[in-house]
1. Right, Ile13: at pLDDT below 95 and over 13 Å from the mean Cα position of the chain (by Cα) or not?
2. Taking the condition of being without any contact (Cβ under 8 Å) to a residue 24 or more places away in the chain and of a type in the set (Lys, Arg), how many residues in segment 60-93 meet it?
3. Could you tell me whether Val57 is assigned by TED's automatic domain parsing to the domain that holds Ser38, part of a loop (DSSP other than H, G, I, E, B), free of Cβ contacts under 8 Å to residues at least 60 places away in the same chain and of a type outside the set (D, E, K, R)?
4. Quick one: count up the residues across segment 72-87 that are in a helix (DSSP H, G or I) and touching a Phe, Trp or Tyr at 6+ places or on another chain (Cβ under 9 Å).
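The values are calculated or read from the model by the stated rules, or taken from the named source; none is laboratory data. The structure presented is a predicted model; accordingly, all values stated were derived computationally and were not measured. Please note: Cβ atoms are built from the backbone with ideal geometry, for glycine as well, and neighbour counts cover all protein chains shown.
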Amino acid sequence: MKKLNFIFTIGMILMVVLAFSATTWADDAAKVNINKASVEELVTLKRVGPKYAQKIVDYRTQNGAFKTAEDITKVPGIGPKTWEANKDRITIK
């Protein structure tokens, strides 16, 4: 009986975790304005961690707003693979 209660409890915990995770996954599909996004918003892009997110912010600060979404590839370390993985989510508007 104790084993059954333990399994039930673990199952309930997993259901709660998955329910909250679903909202995180939904947020990943949101557009990211690379001219305004914070480091926290930029890390939601695929292949962009905190280090590269900060590089995007620094580049924007030093060079002004991105003129096209693909201009993100001008940031050192952000290449074609990152652009391809995120081109549907990146915006400049």
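1. yes
2. Result for segment 60-93: 2.
3. In short, no.
4. Within segment 72-87, residues that are in a helix (DSSP H, G or I) and touching a Phe, Trp or Tyr at 6+ places or on another chain (Cβ under 9 Å) number 4.
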